[in-house]
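The values are calculated or read from the model by the stated rules, or taken from the named source; none is laboratory data. Quantities reported herein were computed from a predicted structural model and do not represent experimental measurements. Ideal geometry is used to build each Cβ from the backbone, glycine not excepted, and the neighbour counts take in all protein chains shown. We work out accessible area using only protein heavy atoms, side chains counted, and drop any ligands, DNA or RNA first. Shrake-Rupley method; radii C 1.70, N 1.55, O 1.52, S 1.80 Å.
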Amino acid sequence: MRVALFITCFNDTFFPETGRATVEVLERLGHEVEFPLAQTCCGQMHFNTGYQREAIPLVRRFVEVFAPYEAVVAPSGSCVGMVRELYPMAAELANDKRLLYEVEELAPKVFELSEFLVKRMGVTDVGAYYPHHVTYHPTCHSLRMLKVGDAPLELLRAVRGIDLVELREARECCGFGGTFAVKNADTSTAMLSDKLRHVLDTEAEVCTAGDNSCLMHIGGGLKRQRAGVRTVHLAEILASTEEAN
Amino acid sequence: MTLQRSPDAFSADAGKTPTFEQSAKVSLADTQLRRNLGKATQTIRAKRAAAVEEMPDWERLREAGRALKERVTRHLDEYLLRLEESVTRAGGHVHWARDAEESNRIIAGIAKAHDAEEVVKVKSIATDETKLNEYLEGEGITAHETDLAELIIQLAGETSSHILVPAIHKNRAEIRELFKEKLGARGLSDDPSDLTNAARLYLREKFLKAKVGISGANFAVAETGTVCVVESEGNGRMCTTLPPVLVTLMGIEKVIPAWRDYEVFMQLLPRSSTAERMNPYTSFWTGVSRESGDGPNEFHLVLLDNGRTGVLADERGRQALSCIRCSACLNVCPVYERTGGHAYNSVYPGPIGAILTPQLVGIGKPGPDSLPYASSLCGACYEVCPVKINIPEVLIHLRGRVTRHKQDGGGLKGRLDPENAAMKTMARVFSDRKLYEGAQKAARVGQWPLARDGAIGRLPGRLAGWTESRDLKAIPKQTFREWWKARNGSPENGSA
């Protein structure tokens, strides 16, 4: 399938390795990946912080860039959640019926990576090999906005060599929440400390998730504690093979 | 007894209410509170999940509850007039209160007309909203809270920190100390049945003496005029049946169309709130007791607006008025679990409070305006809400209203706000590919004084909140798009 990669500005800038891994997995499965260079940011940070009028041009831009594709895939549940669940609200705020129509056309074609692989393509074994102790944190937007369910776990279970350890209270938010992490830094940190305790309890060496934003928060906490546990995006585990290891 | 209350969102000086982040800092440092709340919310959360799991038609019940409440919101005027007619027909008196002041005047007037110096009350959040107890005190009338948890916080001179379990922030040992001091209970253990007995002895006397009882209402049926209180202890039953005069204060949004609608709500409410299949006491009354002489012979229903009709004007925000006060959203909220209810500075704490409070008191006050930001938008609240209030959506919507209010009404100060300036600049950068790619390069260069070994340990200014507890990943040497361009040869390859 001809797939457009929606990298997200955050991954583009901070986590290029996740983008490279996403390309690798999609190409390994025979998809033709395109990367529209005109893409920038979906507008989530602006929209969720209240700067919603400022987000509208970014919504228009996104729709224009990605409308021509059959499928749009992103290694981020949160940014896909913005497009699928909140773009209609943005179009209503803009009082633009045409934009609302375009958004509703595009939204069902935009997928988070794990749901694209498992739900859209019916693939769980992507030929990955990852001989490590791994625990998985389901991020809130992939879980509750996109309802990806067990798709990421199904993918992880099919990875050869992996030792998957269950995370206690996994469904509880890690405390990132976008600008919440800065505006309400104390509460965010209190939530993070409980998440870190649960991650450390698993004795896993890697904590993975489908969103680098949450992982940067969890990983930043682990690093500050010199905890010896690293965070790795799901796409990177799926991209890793016997040859590469 | 003097009640010590700091300004909250419903006080006259609501503009001076602290912000959530200021108050949360204090709560988060209270280790006993963290322990009490963590234990209580985790327990009830698991019990609720089990109680809901039993119901094969739960999702359909939720949808029915949502649809009924939406109908009430759309036709509130009609249902309220019908309710007034039904209550009057059954021998009750209906009063309309525009705001807290009017509501308090009406209720105090009724108490005075009966020469009541003491009144008994059963948990009513609406009377906390209107600050009825303080008002009555000023009029020389003492109000005794009879719900056990309400009694506890009244004796402690505190305010409620939870919609359903107002004293959730206190543990047994703390309650024992309080009862020993305030009720003079001797030889008291911290066994729940001992504590309950001490309260019972104290309350029985109040119930039997009081001429006027004051209650809240969970629902009132427009069709029949039947008012309903749902509770666990039976103190509400006594409060609404023993005194000869009963006054019920009810927010106008609590009306439901027909008697049969209880079928939906009585299944949704107990399981969502106390995780019970059915709550122990559900009291229904229609007007006054005519023949049996059992129950009050005078009944007043006070219908309170206090900002609610204003909320109706906001098509997206008004779903907050569908709330049936079950408090499931508080119990699952990871923010509430850690900060507790007092950090919200409102009688309505937690996720529902964060969307209800700023709408009821109006946008433009720093304290209430901070509440929609007291959420990581994790969505756990929406998942459990028995009437499907899309709380995250309303939180986001209200953040928009707060921001636009600051931008449009804040004058020069609003425009010069550093967050506003940064957001505007970033929006411009994101709207142009060349500016965006330039900014990526600039950030990579600009971070060098901060970055060590791929991490940033300390950020300046407002962003310092991040690095107080977390390292920040440094921007790597190559962006994804730079890699893509290099890999695919032509820089424009793959561009749409």
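Taking only segment A:51-73 into account, find how many residues are open to solvent by 10 Å² or more (accessible area, probe 1.4 Å), more than 11 Å from chain B (Cβ to nearest Cβ) and either closer than 10 Å to residue B:431 by Cα or in contact with a Phe, Trp or Tyr (Cβ under 7 Å, 6 or more places away or on another chain) (or both).
Final tally of qualifying residues: 0.
Would you be able to say whether some residue in segment B:315-335 is without any contact (Cβ under 8 Å) to a residue 40 or more places away in the chain and aliphatic (A, V, I, L, M)? Walk me through how you get there before you give the answer.
We begin by selecting, within segment B:315-335, every residue without any contact (Cβ under 8 Å) to a residue 40 or more places away in the chain; these are B:315.
Now narrow it down to the ones that are aliphatic (A, V, I, L, M): none.
The answer is no, given that none of the residues of segment B:315-335 is without any contact (Cβ under 8 Å) to a residue 40 or more places away in the chain and aliphatic (A, V, I, L, M).
Would you check which residues across segment A:1-45 are over 20 Å from residue A:85 (Cα atoms), assigned to a loop (DSSP other than H, G, I, E, B) and away from every other protein chain (no Cβ under 11 Å) and list them? It would help to see each step written out before you state the result.
Kept after step one, since they are over 20 Å from residue A:85 (Cα atoms), are these residues of segment A:1-45: A:1-3, A:11-38.
Now drop any that are not assigned to a loop (DSSP other than H, G, I, E, B), which leaves A:1, A:15, A:29-31, A:35-38.
A:1, A:29, A:30, A:31, listed by residue number.
Scan A:197, A:168 and give me the residue that is within 14 Å of chain B (Cβ to nearest Cβ), part of a loop (DSSP other than H, G, I, E, B), farther than 16 Å from residue A:76 by Cβ and of a type in the set (Lys, Arg).
So the residue among A:197, A:168 that is within 14 Å of chain B (Cβ to nearest Cβ), part of a loop (DSSP other than H, G, I, E, B), farther than 16 Å from residue A:76 by Cβ and of a type in the set (Lys, Arg) is A:168.
So, restricting to helices (runs of 4 or more DSSP H) that lie completely within segment B:52-126, which ones have at least 2 residues that are in contact with a strand residue (DSSP E or B) (Cβ under 7 Å, 6 or more places away or on another chain) and closer than 30 Å to residue B:267 by Cβ? Steps first, answer last, please.
On the way: elements: B:58-74, B:76-89, B:100-113.
In segment B:52-126, the matching helices (runs of 4 or more DSSP H) lie at B:58-74, B:76-89.
Tell me which residues, restricted to segment B:443-476, are more than 9 Å from chain A (Cβ to nearest Cβ) and surrounded by fewer than 15 Cβ atoms within 10 Å (Cβ to Cβ).
B:445, B:446, B:447, B:448, B:449, B:452, B:453, B:454, B:458, B:460, B:461
With the requirement that a residue be charged (D, E, K, R) and either touching a residue at least 40 places away in the same chain (Cβ under 8 Å) or farther than 30 Å from residue B:356 by Cα (or both), what does segment B:402-447 give you?
The first filter runs over segment B:402-447 and keeps only residues charged (D, E, K, R), leaving B:404, B:406, B:408, B:413, B:415, B:417, B:419, B:424, B:428, B:432-434, B:437, B:441, B:444.
Passing the criteria: B:419, B:428, B:432, B:433, B:434, B:437, B:441, B:444.
Go through segment B:346-424 and tell me which helices (runs of 4 or more DSSP H), entirely inside it, have 2 or more residues that are among the β-branched types (Val, Ile, Thr) and closer than 19 Å to residue A:48 by Cα.
Details: elements: B:350-361, B:366-370, B:380-384, B:391-409, B:411-416.
Filter on segment B:346-424 gives B:350-361, B:391-409.
Select from segment B:184-206 the residues that are closer than 14 Å to residue B:155 by Cβ and not hydrophobic (A, V, I, L, M, F, W, C) and write down the one among them that is surrounded by the most Cβ atoms within 10 Å (Cβ to Cβ).
That would be B:206.
Let's see how each residue does on (1) part of a helix (DSSP H, G or I); (2) buried (at least 20 other Cβ atoms within 10 Å of the Cβ):
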| site | (1), (2) |
| --- | --- |
| A:176 | no, yes |
| A:187 | yes, yes |
| A:204 | no, yes |
| A:207 | no, yes |
| A:226 | no, no |
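Just to be sure before I move on: is residue B:429 in contact with a helix residue (DSSP H, G or I) (Cβ under 6 Å, 6 or more places away or on another chain) and within 7 Å of chain A (Cβ to nearest Cβ) in the structure I sent?
The answer is no for residue B:429.
If you check B:59, B:54, B:78, B:84, which single one turns out to be open to solvent by less than 80 Å² (accessible area, probe 1.4 Å) and of a type in the set (Asp, Glu)? Outline the logic, then answer.
Numbers: B:59 fails: open to solvent by less than 80 Å² (accessible area, probe 1.4 Å); B:54 fails: open to solvent by less than 80 Å² (accessible area, probe 1.4 Å); B:78 fails: open to solvent by less than 80 Å² (accessible area, probe 1.4 Å).
Residue meeting the stated conditions: B:84.
For segment A:1-45, which residues satisfy the criterion of being touching a Leu at 6+ places or on another chain (Cβ under 7 Å) and at positive phi?
Of everything in segment A:1-45, just one residue is touching a Leu at 6+ places or on another chain (Cβ under 7 Å) and at positive phi, namely A:43.
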